[in-house]
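S.K.: Here it is, the structure, as structure tokens.
The values are calculated or read from the model by the stated rules, or taken from the named source; none is laboratory data. A quick note: this is a predicted structure, and the numbers were derived from the prediction, not measured. Reconstructed Cβ throughout: ideal geometry from the backbone, glycine too, with neighbour counts over all protein chains shown. Ligands, DNA and RNA are excluded from the accessible area calculation, which covers all protein heavy atoms including side chains. Shrake-Rupley method; radii C 1.70, N 1.55, O 1.52, S 1.80 Å.
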Amino acid sequence: MNEVLKTLETRRSCRSFKPDMINDEDLAAIIKAGTYAPTGMGKQSPIIIAVKDKALRDEIAEENRKIGGWGEGFDPFYGAPVILIVLAKKDIVTHVYDGALVMGNLMNAAESLGIASIWIHRAKEEFESDFGKKILEKLGILDEYEGIGHCALGYAAQPVADPVPRKADYVYYI
């Protein structure tokens, strides 16, 4: 089977990561793949914020935990050492779709390199809050962006589950 198709069929979300940091070369390759996602009219509305700093990663996890309503000590990023936050420029009509495609590219590129991933939501709420706005301000990002998702990355602490069979009525041919 073609390696790309195999990656697409076998990638699964990881909910238990080792604390080991992924190497810079692999991270750069994953991020580059994200920047090549298709975007509406080629406008490239998304941006990616790569968070490797553990202190900031933990602050973001805590904010995400509060938004999600989980109890103290829960890590919504399941211990992943790297978070790629995808945001997209609000004034582009296709921004949510553009950002979703970036997320897909990030996760599939990671899988192709043996790096586990999971899409974590609540980036929209994070970056509508003062907490998220301060992060953007520190980075010099002044335009209006909507948080699309977090791509948590790392090495799986245990094997991920096999895919479930695809539903019978997934595709209709005309």
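S.K.: Stretched out fully, how many nm does the piece from Arg166 to Glu9 gain, at 0.36 nm a residue minus the Cα gap?
M.R.: Taking 0.36 nm per residue and subtracting the Cα distance, the gain is 55.5 nm.
S.K.: Is the shape of segment 130-174 best called rounded, prolate or oblate, per the rule: a/c under 1.5 gives rounded, else a/b larger than b/c gives prolate, else oblate, with a ≥ b ≥ c the square roots of the Cα gyration tensor eigenvalues?
M.R.: oblate
S.K.: Now a separate question. Which FRET efficiency value, to the nearest 0.05, is calculated for Lys32 and Ile174 with the Förster distance at 30 angstrom and r the Cβ-Cβ distance?
M.R.: The pair Lys32/Ile174 has a calculated efficiency of 0.20.
S.K.: OK, next. Longer than 24 Å from Cα to Cα, which of Lys52/Lys90; Lys90/Lys167; Lys43/Lys66; Lys66/Lys124; Lys6/Lys90; Lys52/Lys138 are they? Say none if no pair is.
M.R.: Lys52/Lys90; Lys90/Lys167; Lys43/Lys66; Lys6/Lys90, as the Cα separations exceed 24 Å there.
S.K.: Using modelled backbone amide H atoms (1.01 Å from N, in-plane), which distant-in-sequence or interchain residues come within less than 5 Å of Tyr145's amide H?
M.R.: Long-range HN contacts for Tyr145: Lys90.
S.K.: If you don't mind, another one. So for segment 1-55, Kirkwood radius off the Cα pairs, Stokes-Einstein at 25 °C and 0.890 mPa s: how many µm² s⁻¹?
M.R.: Calculated translational D: 173 µm²/s.
S.K.: Just the number please: accessible area per residue for segment 109-148, 1.4 Å probe, all protein chains included, in Å².
M.R.: So segment 109-148 comes to 55 Å² accessible per residue, rounded to a whole number.
S.K.: Let me have the relative contact order for segment 27-174, percent, based on Cα pairs under 8 Å that are six or more residues apart.
M.R.: Reported as a whole number, the value is 29 percent.
S.K.: While we're looking at this one, here's another question. Calculate one ³J(HN,Hα) per residue across segment 119-134 by plugging θ = phi - 60° into the Karplus curve 6.51 cos²θ - 1.76 cosθ + 1.60, and present them in order as whole Hz with x for glycine and proline.
M.R.: Ordered by residue, 3J(HN,Hα) equals 8, 10, 7, 6, 5, 4, 5, 4, 8, 8, 8, 4, 3, x, 4, 5 Hz.
S.K.: I've got another one for you. With no solvent and one equal point scatterer per Cα, compute the Debye intensity ratio I(q)/I(0) for segment 64-158 at 0.10, 0.13, 0.16, 0.24 Å⁻¹ and report its log10, rounded to two decimals.
M.R.: Reported log10 I(q)/I(0), two decimals: -0.28, -0.48, -0.71, -1.27.
S.K.: Then there's this: Carbon and sulfur: what percent of the chain's accessible surface (1.4 Å probe)?
M.R.: Answer for the chain: carbon and sulfur cover 54 percent of the accessible area.
S.K.: Given the C-alpha centroids of segment 1-66 and segment 150-174, what is the distance between them in whole angstrom?
M.R.: Using only Cα atoms, the two centres lie 16 Å from each other.
S.K.: Residues of segment 124-141 with amide nitrogen under 17 Å from the 7 Å Cα-to-Cβ point of Ala50?
M.R.: What the label zone holds, given the 17 Å backbone N cut-off, is 139.
S.K.: Related question: How much length, in nm to one decimal, is gained on full extension between Gln158 and Glu25, taken as 0.36 nm per residue of separation minus their Cα-Cα distance?
M.R.: The span from Gln158 to Glu25 would gain 45.5 nm if fully extended.
S.K.: What FRET efficiency do you get for Leu142 and Ser16 if R0 is 41 Å and r is their Cβ-Cβ distance, rounded to the nearest 0.05?
M.R.: Efficiency computed from Cβ-Cβ geometry: 0.60.
S.K.: Ok, one more. For segment 8-103, what is the accessible area per residue in Å² when the probe is 1.4 Å?
M.R.: 53
S.K.: Could you tell me whether the chain comes out rounded, prolate or oblate from its Cα gyration tensor? Rule is a ≥ b ≥ c as square roots of the eigenvalues, rounded for a/c under 1.5, then prolate if a/b exceeds b/c, otherwise oblate.
M.R.: oblate
S.K.: Using DSSP to define loop residues, name the GluC sites (Glu not before Pro) in segment 90-145 whose beta-carbon has at most 14 other beta-carbon atoms within 10 Å.
M.R.: Listed in order of number, the matching sites are Glu144.
S.K.: Okay, helix-only estimate at 222 nm for the chain: each DSSP H run of n ≥ 4 adds -39500 (n - 2.57), divide by all residues, round to 500 deg cm²/dmol; what do you get?
M.R.: -12000 deg cm²/dmol, from helical runs alone.
S.K.: While we're looking at this one, here's another question. Amide H to amide H, which residues 5 or more places from Gly154 or on other chains are under 5 Å from it, using H placed in the peptide plane?
M.R.: It is Ala116, by chain and number.
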